[in-house]
Structure formats: structure tokens, C-alpha cells
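The values are calculated or read from the model by the stated rules, or taken from the named source; none is laboratory data. Everything quoted here is computed from the prediction, not taken from an experiment. Virtual Cβ from ideal backbone geometry, glycine too; neighbours counted across all protein chains shown. SASA here: full protein model, heavy atoms, side chains in, ligands and nucleic acids out. Shrake-Rupley method; radii C 1.70, N 1.55, O 1.52, S 1.80 Å.
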Amino acid sequence: MTLPLFVYGTLRPGGRHHDRLLLGRTATEEDALLPGALLHDGPGYPYVVPGEGTVRGSLVTPVPEAYGELLAALDRMEHEAGYERAAVDAVRAGDGAAVRAWVYLAAPGTPVGPLIPSGDWFSRVPDGPRTP
């Protein structure tokens with residue numbers, strides 16, 4: 001299934017891993033929200049778990065020719081860090097449209113850190129641009 005990615009931490013535009021992994025491999029990058037989710041601190045990167053909140057991030061659509069290789073590379077990296085990929089309904093910030101997307105959630109049993117009440121990793125970590 002070919003879906004965009006909802007990214008909320010170091011893979012967001014401006015995050016420390018965005019340019020290394022995504023730069024030049026995306027067709028679009030749009031601000032988005034993930035309702036029904038909570039953002040937790042982690043060991044240098046955040047984790048999302050289901051819950052009564054909203055997480056701020058970006059919808060990233062890879063270019064078709066990079067999609068398979070990029071998804072495989074992200075799966076390897078994220079699984080090693082305690083994530084699992086799931087299909088979710090994100091909301092595009094620009095027009096409020098619901099968009100089915102892949103997201104990496106904390107896998108069952110993965111220890112997560114404190115809740116980030118704002119739901120915005122960039123407001124918590126000096127890893128990327130500050131957002132209002």
C-alpha cells in the first residue's frame with residue numbers, strides 16, 4: 001500500500017534526520033496533525049502512542065521512484081529504535097482533509113519518556129525550528 005508518511009520528530013522538515021533520509025526523495029511535505037495520539041520524549045527522539053491528544057507533524061509524500069527503498073530504510077531504522085509502522089488517519093493542516101498515512105508508533109513494550117503536553121517535538125527539543 002502506497003501512503004504518505006506522517007512524521008513528527010527528527011524526520012520532520014527541519015529535524016536532524018530529515019535531510020539525510022528524506023531530502024530530494026519527497027514530492028510534498030505539508031503540516032499535519034495526528035488526532036488520537038500522545039507524544040512522549042525518548043532517548044533523543046520522540047515516541048507516539050495512542051491516546052487522548054493530538055500530535056503535530058508533517059505529511060511527507062515520497063517520490064514514486066524512491067518509495068520502496070525509502071520505506072525499507074525507514075522500517076529498518078525505526079524498528080531497531082522500538083517503533084512499529086501503522087496506517088493512521090492524519091489531518092492536513094492546510095485544508096483539514098483526512099489523509100491515510102503511515103506513522104511509526106512506539107511498539108508494545110517500548111519504554112517511553114515523559115509526555116510532551118504540546119504534542120509538538122520541536123517545541124520540546126532544540127532539534128528543529130520552533131513552531132507556534
Check: Of the residues that sit in the stretch 5-26 and are open to solvent by 20 Å² or more (accessible area, probe 1.4 Å) and not in a helix (DSSP H, G or I), which one is nearest to ALA101 (Cα to Cα)?
Finding: THR26
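Collect the residues in the stretch 90-116 that are part of a strand (DSSP E or B) and free of Cβ contacts under 8 Å to residues at least 24 places away in the same chain, keeping them in residue-number order.
So the first thing to find is which residues in the stretch 90-116 are part of a strand (DSSP E or B), and the list is 90-92, 98-106, 115.
Correct list: ALA98 only.
Kindly provide the set of residues from the stretch 95-118 that are hydroxyl-bearing (Ser, Thr, Tyr) and farther than 21 Å from TYR67 by Cα, ordered by number.
If we filter the stretch 95-118 for residues that are hydroxyl-bearing (Ser, Thr, Tyr), which is where we start, we get 104, 110, 118.
Those that are hydroxyl-bearing (Ser, Thr, Tyr) and farther than 21 Å from TYR67 by Cα: THR110, SER118.
Go through the stretch 44-89 and count every residue that is assigned to a helix (DSSP H, G or I), touching a strand residue (DSSP E or B) at 6+ places or on another chain (Cβ under 7 Å) and acidic (Asp, Glu). Write out each step before concluding.
Restricting attention to the stretch 44-89, the residues satisfying the condition of being assigned to a helix (DSSP H, G or I) are 64-80.
With the extra rule that they be touching a strand residue (DSSP E or B) at 6+ places or on another chain (Cβ under 7 Å), the set shrinks to 70, 75, 78.
Checking which are acidic (Asp, Glu) leaves us with 75, 78.
Qualifying residue count for the region: 2.
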Check: When the residues of the stretch 27-55 are filtered to those that are surrounded by 22 or more Cβ atoms within 10 Å (Cβ to Cβ) and of a type in the set (Val, Ile, Thr), which remaining residue is farthest from ALA73 (Cα to Cα)?
Finding: VAL55
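Output the residues belonging to the stretch 56-66 that are surrounded by fewer than 17 Cβ atoms within 10 Å (Cβ to Cβ) and closer than 16 Å to PHE6 by Cα.
Restricting attention to the stretch 56-66, the residues satisfying the condition of being surrounded by fewer than 17 Cβ atoms within 10 Å (Cβ to Cβ) are 63-66.
Result: VAL63, single match.
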